[in-house]
Amino acid sequence: MTSLTPRLRRIADFVRLGVSVLDIGADHAFLCCYIAEKGDNSRVIAVDAKPEPLKHGQYAAKGLPIEFYLSDGFTGLPTEVVSDIAANAYDIVVAGLGGETIIDILRHAPVNTDTRFILQPMSKTDKLRDGLAELGYNITEECTIQDGKRAFAVFVAEPPR
Ligand SMILES: C[S@@+](CC[C@H](N)C(=O)[O-])C[C@H]1O[C@@H](n2cnc3c(N)ncnc32)[C@H](O)[C@@H]1O
């Protein structure tokens, strides 16, 4: 089983069983590998805006059932994937990015009443809160996780119902 840092493990623990998972800014894809190895989620998708991290992720995945896409947030995803996200239950993770970047990504998100976001900003947490409020998103859970010398905020948020 892929070993996760306490920060990534906390994020993984927020993911609901049975739903599809989209990880935007997946980088090394450790989170997707862990989720795919557990096998509790129907579809696992890793997205990164840069080719190198995507390659590292694909290497780490070693045949696990994870789909990889090179895309800036949602904007470069294939139509079929966007339609699937819009129509089905998804937990969408955006972790390890700045609060403002996370909000920029969320502005293009296809959502439905069973979409949830698990968000972990590295900076500008206030901007993330402000942006979620502006978009009408509801923060349903939040916690702080200590990982080494740093404490990280993790949010679960839902789009307007
Ligand atoms: C610091 S890493 C975080 C990796 C992982 N999510 C984590 O929390 O450990 C940030 C990754 O997000 C990617 N990224 C940044 N902006 C992005 C965007 N708009 N869309 C997709 N990926 C993005 C970067 O290329 C990088 O691989």
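Some notes on this structure:
- In this structure, VAL82 does not qualify as assigned to a loop (DSSP other than H, G, I, E, B) and among the β-branched types (Val, Ile, Thr).
- Test result for PRO65, farther than 25 Å from ARG150 by Cα, in a loop (DSSP other than H, G, I, E, B) and either under 14 Å from the mean Cα position of the chain (by Cα) or aliphatic (A, V, I, L, M) (or both): no
- Any pair with Cβ under 7 angstrom, 6 or more apart, that starts in the range 86-115 at a residue that is in a loop (DSSP other than H, G, I, E, B) and ends at one that is aromatic (Phe, Trp, Tyr): HIS108/PHE74; ALA109/PHE74; PRO110/PHE74
- You will find that of ASP27, ASP91, ASP104, the residue that is surrounded by 17 or more Cβ atoms within 10 Å (Cβ to Cβ) and either at positive phi or within 11 Å of the ligand (Cβ to nearest atom) (or both) is ASP27 and no other.
- For the range 59-67, the condition holds for no residue, the condition being that it is over 25 Å from PRO6 (Cβ atoms) and within 10 Å of the ligand (Cβ to nearest atom).
- Among the residues listed as ASP84, ASP147, ASP114, the single one being among the charged types (D, E, K, R) and touching a Pro at 6+ places or on another chain (Cβ under 7 Å): ASP147
- Residues that are surrounded by 15 or more Cβ atoms within 10 Å (Cβ to Cβ) and of a type in the set (Lys, Arg) were ranked within the range 107-126; the one that is nearest to the chain's Cα centre (by Cα) is ARG116.
Each value in this text was obtained by applying a stated rule to the coordinates, not by laboratory testing. Remember, it's a predicted structure, so these values are computed and weren't measured experimentally. Using ideal geometry, Cβ is built from the backbone for each residue, glycine included, and neighbour counts are taken over all protein chains shown.
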